[in-house]
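S.K.: Encoded as structure tokens, here's the structure I'll be asking about.
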Amino acid sequence: MPELPEVEAWRRALDEPVRAFPIERAGPAHIATLKTFDPPLSTLEGRRLAGAERRAKRLLFATEDGELVLLVHLMTAGRLRYLRPGAKGPKSPAFRLRFTDGAELVLTEAGSKKRAGVWLLTPEQAEAEAAHLGPEALGVGPKQLGEILRSDSRRLHSLLRDQRAVAGIGRAWTNEILRTARLSPFALSTELDDAGVERLAAAIDEELARGLELRVRGAKDPAVYRVHNRLDEPCPACATPIARVDYEEHTIFYCPKCQTGGRVLKDRRLSRLLR
Ligand SMILES: [Zn+2]
């Protein structure tokens, strides 16, 4: 799942090329991908994009005239690519924008499930759509993070992934961040002391900045994640084998030495059944 570092790296790569030429043709779009019908996609034709922006895990392309916003959410398997004029593209992408110089912006999605979405909105609609999102994770800082943690008693792994609480982090970066902060994924947000909040805020910035720098350079998952999907591999800090636990439809990776005082976390779904 692309999260803040991945989406921000794409935003930076797309920002300049998408505004170089006006849009010649908008679409076609897969029926499951395009989530809006009014205004129609053809309204984009002849307009120029102002560049690429990002909010949480969404990419936003506003038109230069300020009248429309194209919102793209890639979900788990969506990929957005800019193809130079004449470059060979996919036969039937989920969505396509063609520019007057022949370049294309194409959205593809691996697998048969179409989860990625494209919305064509007015600026007011785009603002309303983002209204439920919490502050951006990168740079949230200890003061604001402390308020978020104290406002809702939740397990840290679950709270950090909740876009309404703090925006841009998913399960992969939550695993990385909690390891760096040396906090248990099951710790309750309201039980963190000031030092814990400070460590968590610092780890959010440190990990997201590290991820962004690597993604901008084109690094792939194995070179980026040190805890996520690293079962039995050595913890980057203490070399203890990384452990795994299932929780809320997610698989959590963590270091039992750094994060849980040597305790192995039990699969909570299973332990509940056995009780
Ligand atoms: Zn460790």
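The values are calculated or read from the model by the stated rules, or taken from the named source; none is laboratory data. Predicted, not measured: the structure shown is a model, and the values here were computed from it. So basically every Cβ, Gly included, is an ideal-geometry build from the backbone, and we count neighbours across all protein chains shown. Keep in mind that these areas ignore ligands, DNA and RNA; they rest on the heavy atoms of the full protein, side chains included. Shrake-Rupley method; radii C 1.70, N 1.55, O 1.52, S 1.80 Å.
S.K.: How far apart, in nm, are two points set 7 Å out from the Cα along the Cα-to-Cβ line at D38 and at E53?
M.R.: Calculated label separation equals 2.5 nm.
S.K.: What length, rounded to one decimal in nm, is gained on full extension from L231 through to F21, with 0.36 nm per residue of separation minus their alpha-carbon distance?
M.R.: 71.0 nm
S.K.: On to the next question. Find the accessible area per residue for segment 38-155; the probe is 1.4 Å, ligands and nucleic acids are left out, and the unit is Å².
M.R.: Averaged over the residues of segment 38-155, the accessible area is 49 Å².
S.K.: With just the Cα atoms of segment 1-51, tell me how far they stretch along each of the three principal axes, in Å, largest first.
M.R.: Answer, in whole Å and largest first: 31, 28, 14 Å.
S.K.: Hey, another quick one. Just list whichever of K114/K143; K143/K257; K220/K257; K114/K220; K114/K257; K113/K257 have alpha carbons separated by over 32 Å in the model shown.
M.R.: In this structure, K114/K143; K114/K257; K113/K257 lie more than 32 Å apart at Cα.
S.K.: Moving on. Mind giving me the FRET efficiency for E198 and R79? R0 is 30 Å, r the Cβ-Cβ distance, nearest 0.05 is fine.
M.R.: Calculated value: 0.25.
S.K.: Then there's this: For segment 56-141, which GluC sites (Glu not before Pro) are in a loop by DSSP, counting at most 14 other Cβ atoms within 10 Å?
M.R.: Sparse-neighbourhood loop GluC sites (Glu not before Pro): E64, E67.
S.K.: Could I ask something else about it? Would you mind telling me the antiparallel percentage of the DSSP bridges in segment 37-175, rounded to 5?
M.R.: 95 percent
S.K.: Taking R0 as 35 Å, what's the FRET efficiency between K266 and R150 from their Cβ-Cβ distance, rounded to 0.05?
M.R.: So the FRET efficiency works out to roughly 0.85.
S.K.: Please give, to one decimal in nm, the separation of the simple spin-label points placed at H30 and E67, each 7 Å out from Cα toward the Cβ.
M.R.: With each label placed 7 Å out from Cα toward Cβ, I get 3.0 nm.
S.K.: Of the options S151, G168, L178, report the single residue whose Cα projects farthest towards the positive end of the charge dipole of segment 119-194 (beta-carbon charges: Lys, Arg +1; Asp, Glu -1).
M.R.: Looking along the dipole axis, the top candidate is L178.
S.K.: While we're here: Hey, quick one: spin label on E206, modelled 7 Å out along Cα-Cβ, who in segment 245-266 has an amide N within reach, i.e. under 15 Å?
M.R.: Output list for this probe position: 255, 258-259.
S.K.: What number in nm² do you get for the chain if you take the convex hull of its Cα atoms and divide its surface by four?
M.R.: Taking a quarter of the hull surface, the average projection is 16.0 nm².
S.K.: Something else about it: What whole-number distance in Å separates the alpha-carbon centres of segment 87-141 and segment 225-249?
M.R.: A separation of 31 Å, based on Cα centres.
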